[in-house]
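Asker: The structure follows.
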Amino acid sequence: MSGGHGRIGVVTGGGGGLGRAAALALLDQGWSLALAGRRKQALEETAALSGAAADRVIAVPTDIGDPDQVAALFRTVGDHFGRLDLLFNNAGAAVPRRPVPDVGLDDWNRIIATTVTGTFLCSQEAFRMMRDQSPQGGRIINNGAPSAHAPRPHAIAYTTAKHAVLGITRGLSLDGRPYDIACGQIDVGNVTPVDGSPQPPSMQGDGTTAVEATIPVERFTDALLLMASMPPGTNVQSLTVLPTTMPYIGRG
């Protein structure tokens with residue numbers, strides 16, 4: 001797998017979870033990154049954990065649902081690095097799982113604003129930058145989920161948001177062709193909690209609950225690095241990585 005030496009990326013939600021894991025893996029492969037997220041201290045912790053030189057990783061506190069802050073993020077990337085080769089749209093919002101009649105409008109709006117609108121705003125700014133730079137082009141990877149294809153019970157807001165991300169992925173893939181902008185989506189199943197806590201039980205399609213299998217976070221980062229390492233002109237359009245025994249096809 002080729003490294004990212006000399007290439008520039010942005011990772012949203014870089015202050016923890018899969019975003020932190022992605023950032024550390026990319027930095028280890030030689031990428032230079034801007035880390036975006038709401039919490040400056042968490043972003044700076046990711047940068048410190050990487051051990052990367054200060055000029056290779058910058059923390060840019062950003063609310064990705066705010067168009068002005070997103071525009072400022074990408075201006076900072078241009079000023080500091082001069083170009084953009086990769087955007088990993090990872091940031092999202094979690095809301096409680098509830099039956100359809102009990103879903104609150106505030107929860108609905110929060111997940112749509114972050115997961116859908118935030119993904120669009122970041123992609124729009126990255127698209128402009130990749131289109132206008134020389135050499136032209138770049139790659140956008142969206143963090144989807146198996147729920148982009150098959151729902152879980154009591155998760156209509158999350159399912160809707162991830163279906164919308166899939167639409168953004170496909171729209172970017174088509175509209176990016178004239179500018180050598182590739183877009184793919186990684187759909188990640190159950191990942192072992194990085195804090196060592198036990199995997200919580202999940203509701204199954206028949207209404208029962210079960211503790212499902214997990215994969216270590218390295219299986220996710222391996223897949224992401226594969227997508228990011230593709231040469232210009234080659235795209236991994238869709239990649240699903242999940243435990244072999246995790247309920248997904250048919251969700252049962």
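Asker: Of the candidates G171, G65, G118, which one comes out as most mobile in a Gaussian network treatment of the chain with C-alpha springs shorter than 10 Å?
Answerer: Checking each option, the largest mean-square fluctuation is seen for G171.
Asker: Among S147, S134, S229, determine the one that fluctuates most according to a GNM of the chain built with springs between C-alpha atoms less than 10 Å apart.
Answerer: The residue that fluctuates most here is S134.
Asker: Could you put H80, H5 in order, starting from the residue whose Cβ has the fewest other Cβ atoms within 10 Å?
Answerer: By the 10 Å Cβ count, ascending, the order reads H5, H80.
Asker: Another question, if that's okay. Explain nothing, just the number: relative contact order of the chain, from Cα pairs under 8 Å at least 6 residues apart, as a whole percent.
Answerer: Worked out over the chain, it gives 17 percent.
Asker: Can you show me the helix-derived [θ] at 222 nm for the chain, built from DSSP H runs with n ≥ 4 at -39,500 (n - 2.57) apiece and divided by the number of residues, rounded to the nearest 500.
Answerer: -11500 deg cm²/dmol
Asker: Please list 187-193, 156-162, 33-39 highest first by mean number of surrounding beta-carbon atoms within 10 Å per residue.
Answerer: So the order, starting with the most tightly packed, is 33-39, 156-162, 187-193.
Asker: Next up: Which order results if I181, I8 are arranged by neighbouring Cβ count within 10 Å, fewest first?
Answerer: Lowest to highest Cβ neighbour count: I8, I181.
Taken together, the values in this text are just the output of simple stated rules run on the coordinates, not laboratory data. Note that the structure is a prediction, hence the values are computed from the model and not measured. Positions of Cβ are generated from backbone atoms using ideal geometry, with glycine treated the same way; all protein chains shown enter the neighbour counts.
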